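Data first, discussion second: the structure below is written as C-alpha cells.
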Amino acid sequence: MICPKCQKNIPADSEICMGCGAQLSGPSRGSFPEDSPTEKRTQEKNFKPASAVEAKITKVAKAALKPKDAHMSINPEAALTRVAKTEVEVKTKVFIRKEKPIHGWLVVIKGMKQWEQFTLCEENRRFVIGSAADADIRFQDEGVEPRHASLRLEGDRLIMTDLDTASGTLVQGEKIVRKEIEDGNQIQIGTMFLKYRKL
C-alpha cells in the first residue's frame, strides 16, 4: 500500500508509516493497495511500447542532422589552419640524343696528349691527321706536318694513307703509302705513337 502523506510504499498491514510516522487505519484513509485496479489502469495509460520510444528518439536524432538545423560557429581568434598545397602535374618532354655509330678509337700511347683517345665515328668516314687548325685529329708536334695522313672507312675496313710527307707514316714499324689498319696496330706520326682499337 502507499502512504497518503509521503506517498511511500509500505506493507499492506501497517498501521504506522515507517517513512513519515503518519497514523494509518487501512484503505479508508486514502491509501491504495499496490496492485489495486486504479493503479493498474494508471500504469497501463502511461505505458508505451519500447519500439514507439525508440522510434521517437530516432526521429529526433535524424531531425538534428538535417542541413536546415545545422549551424557553424566561427572563432575569429582561433589560429589559422595551413591548407595543403596542391601540386599540378606537368608533363615534360624527354629528348633522347641519338649517338653516332662508332667504328673504333685511336689512343695516344706515347708523346704529347698521352692516353688521350680520338673516336672514329662511322658517320664521318674520313679523318685527317695533322698539325693544322682544321685537322680532325690535331697534334702540335715538330714531326707532324699540317696535313700528315688520312684515315678512310671503306665498308668495315679502315685505310690509312700518307699524304706525301717528308718524315713519313709508320704502321707496325714499317713506312706506308696506303695500308689497311687492323685492330691493335701501332701507328707512328712524327714522335707520336698511337694504337688503333676497333669496336
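The values are calculated or read from the model by the stated rules, or taken from the named source; none is laboratory data. Here the structure is a predicted model, which means the values were calculated and not measured. Every residue, glycine among them, receives a Cβ derived from its backbone with ideal geometry; neighbour counts consider all protein chains shown. We work out accessible area using only protein heavy atoms, side chains counted, and drop any ligands, DNA or RNA first. Shrake-Rupley method; radii C 1.70, N 1.55, O 1.52, S 1.80 Å.
How many of the residues in the range 167-199 are part of a strand (DSSP E or B), over 57 Å from the mean Cα position of the chain (by Cα) and within 15 Å of residue 141 (Cα to Cα)? Residues flagged as part of a strand (DSSP E or B), over 57 Å from the mean Cα position of the chain (by Cα) and within 15 Å of residue 141 (Cα to Cα) within the range 167-199 amount to 1.
Show the residue pairs that are 6+ apart or on different chains and have beta-carbon atoms under 7 Å apart, the first residue being within the range 114-137 and more than 21 Å from residue 193 (Cβ to Cβ), the second being surrounded by fewer than 18 Cβ atoms within 10 Å (Cβ to Cβ) and at pLDDT 90 or above. Once the first residue is more than 21 Å from residue 193 (Cβ to Cβ) and sits in the range 114-137, its partners that are surrounded by fewer than 18 Cβ atoms within 10 Å (Cβ to Cβ) and at pLDDT 90 or above give 125/152; 126/152.
Taken over the range 138-150, the criterion of being touching a residue at least 40 places away in the same chain (Cβ under 8 Å) and either assigned to a strand (DSSP E or B) or open to solvent by 70 Å² or more (accessible area, probe 1.4 Å) (or both) is satisfied by 142, 149. Among the residues of the range 113-137, the ones that are open to solvent by 60 Å² or more (accessible area, probe 1.4 Å) and not in a loop (DSSP other than H, G, I, E, B) come to 3 in all. Only one of the numbered conditions (1) outside any loop (DSSP other than H, G, I, E, B); (2) open to solvent by 80 Å² or more (accessible area, probe 1.4 Å) is violated by residue 100, and that is (1).
Considered as a group, the residues in the range 13-39 that are aliphatic (A, V, I, L, M) and modelled with pLDDT under 75 include one that is surrounded by the most Cβ atoms within 10 Å (Cβ to Cβ), and that residue is 24.
The number of residues in the range 154-171 that are out of contact with any strand residue (DSSP E or B) (no Cβ under 6 Å at 6 or more places or on another chain) and either basic (Lys, Arg) or open to solvent by less than 30 Å² (accessible area, probe 1.4 Å) (or both) comes to 1.
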